[in-house]
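Have a look at the structure below, then the notes.
FYI, it's all coordinate maths here, none of it is from the lab. Just so you know, these numbers come straight off a predicted model, no measurement behind them.
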Amino acid sequence: MYEAWKKMRAMQDTLEGDGEIQHVQDNQRVMRLPEFDWDENVAPVPQGAQSLKKFTQRAEAMDIIFDHQGATPENASWLTANMVFALPLVKAVTKVTNIGKHMENMNNDRHTRGLTDMEAAEVDTVRKLVAIADKNTNREMAKIHRWTRSIKESMLVLKARADALEKL
């Protein structure tokens, strides 16, 4: 990761036209991303159930990061393999945009309309807890049914043995 950062920093320093390094207010360096050739920087998207979805989301994040419109999953696949130093930023932006979409969907949900963000989050949490409790209940009920069946089978064996002994 450090080597990738050094490479990005070296590229930044060489991109400065007048030889001066840009700074912001608090004496922090401004790091510009390297140029991205949208037509050339493409790679096949890996096969898999979630690959296309993941790389489409990364392409949307790349549009935000690079201030571009029209990034493709193939561009995201290339970035993943060849610009590893930028991948944490792309993943972070992807997570933030996914959370934003999730919040929009929650606001459009008929059960959470009119609720504050905290109330909607509470409803979401309660729904998840109810689902977990239901799953746990079903698991325990299945155990009870197995034990009951085992007890009944044992009772039948004991009853058959008692009947056999009485006939002697």
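Put simply, the C-alpha atoms of region 115-168 give a gyration tensor, and the ellipsoid matching it has half-axes of 52, 5, 4 Å, longest first. With θ taken as phi - 60° and the Karplus curve 6.51 cos²θ - 1.76 cosθ + 1.60 applied, the whole-hertz 3J(HN,Hα) list for region 43-50 is 8, x, 6, x, 6, x, 4, 9 Hz, x standing for glycine and proline.
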